[in-house]
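Below is one structure; the comments refer to it alone.
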Amino acid sequence: MIFNEPITTEQILALGDTHSIDVVSTVINGYNISNCILIHVGDIGIGFAHIEKDTSKLNWLNNLCVEKNIKFLGLRGNHDSPNYFHPDHQINKTLSNVELVEDYSIKTINDKKFLFAGGAVSIDRQYRTEGKDYWRGEKFVLPDNLETLEQCDVLISHSCPVEAPPYGFDNIKGWFKNDPKLKDDLIKERKDISTLVKQVNPSINVFGHYHTVIAERIDGIFYRGLDINEIVSVTNYLK
């Protein structure tokens, strides 16, 4: 099921990279999460198993979300197969409470406009196997209709723009040695997200990818980066 109609809920939560569907269920049960919208900011860990196993795990998650009255919205990370994040994929046609959100989808939640833009570059891509644990289509890509995108209240992205921390490449520069295009691709990624931010001018940008807690207001935009498995209330930031 695709959640196209406006959604009203008492609580909107965001979840950082889990790298596993099973971990999503563990987090829900561990924090006793219920009666909410739960937005996963990417790196759910979808696509690493055979489709039957992924489908089984997502069905299990869907049943848990039904039980807990959770609507789960999952963004595409670099550690997710892009093939699953399309409204015509069989998974999105069969699950009632779980949606793997297509890039540049817009959701109205509590009368606020949420824009979803997934994807990022894997810094260890040269050591991964395409189609198994790496997908060439993993990158963040600006849409063809960029200039027609309207302002949103909340941008949910996997990576983040140049303006937001973390800054620099000191902690990952070792990966550049065997991947000569990596640094340029990472710079382009951040610049492209900056272009998107400039176009849609959100009040809040929630993201993951860097496995770091970030909470800074810069030029009127509140940037909230999530650590691995971190849960945060987006509702509180909208007040």
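Read the figures in this text as sums done on the coordinates, not as results from a lab. Note that the coordinates shown come from a computational prediction; the quantities given were computed from them, not determined experimentally. As a convention, Cβ positions derive from the backbone with ideal geometry for all residues, glycine included, and neighbour counts pool all protein chains shown.
If R0 is 22 Å, the Cβ-Cβ spacing of Leu149 and Ile2 corresponds to a FRET efficiency of close to 0.70.
Taking Cα centre as origin and charging only the Cβ of basic (Lys, Arg, +1) and acidic (Asp, Glu, -1) residues, the dipole magnitude of the stretch 109-208 rounds to 340 debye. Remark: the stretch 41-46, residue by residue, has Karplus-estimated 3J(HN,Hα) of 8, x, 6, 6, x, 9 Hz, where x stands for each Gly or Pro and the curve is 6.51 cos²θ - 1.76 cosθ + 1.60 at θ = phi - 60°.
Coupling constants for the stretch 208-223 follow from the phi torsions by the Karplus curve (6.51 cos²θ - 1.76 cosθ + 1.60, θ = phi - 60°), and in residue order they are x, 6, 8, 6, 9, 7, 10, 8, 9, 9, 10, 6, x, 10, 8, 9 Hz; glycine and proline get x. Summing Lys and Arg as +1 and Asp and Glu as -1 over all other residues whose Cβ lies under 11 Å from the Cβ of Val213 gives a net charge of -2.
Using the rule -39500 (n - 2.57) for each DSSP H run of four or more residues, divided by the residues of the chain, the 222 nm mean residue ellipticity is -7500 deg cm²/dmol. With θ taken as phi - 60° and the Karplus curve 6.51 cos²θ - 1.76 cosθ + 1.60 applied, the whole-hertz 3J(HN,Hα) list for the stretch 190-200 is 5, 5, 5, 5, 4, 4, 5, 4, 4, 6, 9 Hz, x standing for glycine and proline.
Spacing of the modelled spin labels on Ile106 and Val141, each 7 Å from Cα toward Cβ, amounts to 2.1 nm. Near Leu226, once Lys and Arg are set to +1 and Asp and Glu to -1 for all other residues with Cβ below 12 Å from its Cβ, the sum equals -3. For the stretch 159-239, the percent of C-alpha pairs falling in each 10 Å distance bin, counted from 0 to the bin holding the largest distance, reads 17, 45, 29, 8, 1. Enclosing the Cα atoms of the chain in their convex hull gives a volume equal to 118 cubic angstrom per residue.
With a cut-off of 18 Å on the backbone N, the residues of the stretch 177-192 near the modelled label site 7 Å out from Tyr127 along Cα-Cβ are 177-183.
Here is the P(r) of the stretch 1-109: all C-alpha pair distances, binned every 10 Å from 0, give 15, 55, 29, 1 in whole percents.
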